[in-house]
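The values are calculated or read from the model by the stated rules, or taken from the named source; none is laboratory data. Note that the structure is predicted; figures quoted are calculated from it, not measured. With ideal geometry, Cβ positions are generated from the backbone for all residues, glycine too; neighbour counts draw on all protein chains shown. The protein model used for the area step is the full one, side chains on, heavy atoms only, and it has no ligands, DNA or RNA in it. Shrake-Rupley method; radii C 1.70, N 1.55, O 1.52, S 1.80 Å.
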Amino acid sequence: MISASYEDIRIGDVVTTDSRTVTEDYVRDFADLTGDRHPLHLDPEYAARTRFGQRIAHGALMMSTLLGLVELHPSYLQCFYGMDKVRFRAPVYLGDSVHAESEIVDIQPRPGGGAAVVTSEARLVNQDGTLVFSGLFSLLVAGRSEALAMEAEE
């Protein structure tokens, strides 16, 4: 999503990522990290009695998964600016694989020209092509003059 200075990003740029499989360990680790231990995510017997019929991944995990799948290069990404129109469209079941698709929809340079708010319409799609999550993500992106040089890894 963000791999260049804002001057080198264009409205209409589209990126599709590799996929990630949602495993029981992935869901359990997220529950341990956040403390969100709702039985819909962790208890097969409880989940079987719900409208979903089985355990599903946390919505917040799917939003985080999307952000983990897209490139947010540290030389250019300065910070998250906002999220709008966030929608959880379909459940993600354990064993599903998801990938991210994002399209740049707006670029608003900030006063002084050193950065811009770049907005991307991002979607998470499962292995069947079902849209499971979507939203608009606005990010503060450095211009060429403010991009941070990265040290070469040793």
| Output for the stretch 103-140, where each listed residue is small (G, A, S), within 23 Å of Y26 (Cα to Cα) and open to solvent by less than 40 Å² (accessible area, probe 1.4 Å) | A122, S134, G135
| task | Would you check if A47 is surrounded by 17 or more Cβ atoms within 10 Å (Cβ to Cβ) and in a helix (DSSP H, G or I)? | result | yes
| task | Say whether the condition of being in contact with a Phe, Trp or Tyr (Cβ under 7 Å, 6 or more places away or on another chain), surrounded by fewer than 20 Cβ atoms within 10 Å (Cβ to Cβ), within 16 Å of V14 (Cα to Cα) and modelled with pLDDT of 95 or more is met by at least one residue in the stretch 81-93. | result | no
| Quick check, is G53 modelled with pLDDT of 95 or more and under 22 Å from L140 (Cβ atoms)? | no
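Evaluate the following for I9: is it open to solvent by less than 70 Å² (accessible area, probe 1.4 Å), under 21 Å from A147 (Cα atoms) and modelled with pLDDT of 95 or more? Talk me through it step by step, then tell me what you get.
Values: open to solvent by less than 70 Å² (accessible area, probe 1.4 Å): yes; under 21 Å from A147 (Cα atoms): yes; modelled with pLDDT of 95 or more: yes.
Spelling it out, I9 is indeed open to solvent by less than 70 Å² (accessible area, probe 1.4 Å), under 21 Å from A147 (Cα atoms) and modelled with pLDDT of 95 or more.
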